[in-house]
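The values are calculated or read from the model by the stated rules, or taken from the named source; none is laboratory data. Please read all numbers here as calculations on a predicted model, not as lab measurements. Positions of Cβ are generated from backbone atoms using ideal geometry, with glycine treated the same way; all protein chains shown enter the neighbour counts.
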Amino acid sequence: MFVKQGTTEGYIEIELKGKIGKRNVTIRRNLSATSKTSTFTMNGKSATGREVTEMMKNLDIQVGNLW
């Protein structure tokens, strides 16, 4: 439902403010309409959903569903 009608893939990207003295974290979720799957990247590197959740916990972000 997050992929534009007529396309096969899309993405959602957010930038989270890092802790003091640390760089911001960019999280991107790539979505596939054809296979109904998604993948994550953090700062341009492949990541798992668990790694994204752990990063949010480390940044004290309490969001039930980022997407």
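Below are the figures for this structure:
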quantity: Residues satisfying the stated conditions in the stretch 2-26, i.e. among the hydrophobic types (A, V, I, L, M, F, W, C), assigned to a loop (DSSP other than H, G, I, E, B) and under 16 Å from the mean Cα position of the chain (by Cα); calculated: F2, V3
quantity: Residue match in the stretch 54-61 (condition: exposed (fewer than 11 other Cβ atoms within 10 Å of the Cβ), modelled with pLDDT of 95 or more and not in a helix (DSSP H, G or I)); calculated: no
quantity: In the stretch 27-46, the residues that are touching a residue at least 24 places away in the same chain (Cβ under 8 Å), closer than 12 Å to I14 by Cβ and either aliphatic (A, V, I, L, M) or part of a loop (DSSP other than H, G, I, E, B) (or both); calculated: I27
quantity: Test: residue in the stretch 26-33 that is more than 27 Å from Q5 (Cα to Cα), surrounded by fewer than 14 Cβ atoms within 10 Å (Cβ to Cβ) and touching a strand residue (DSSP E or B) at 6+ places or on another chain (Cβ under 8 Å); calculated: no
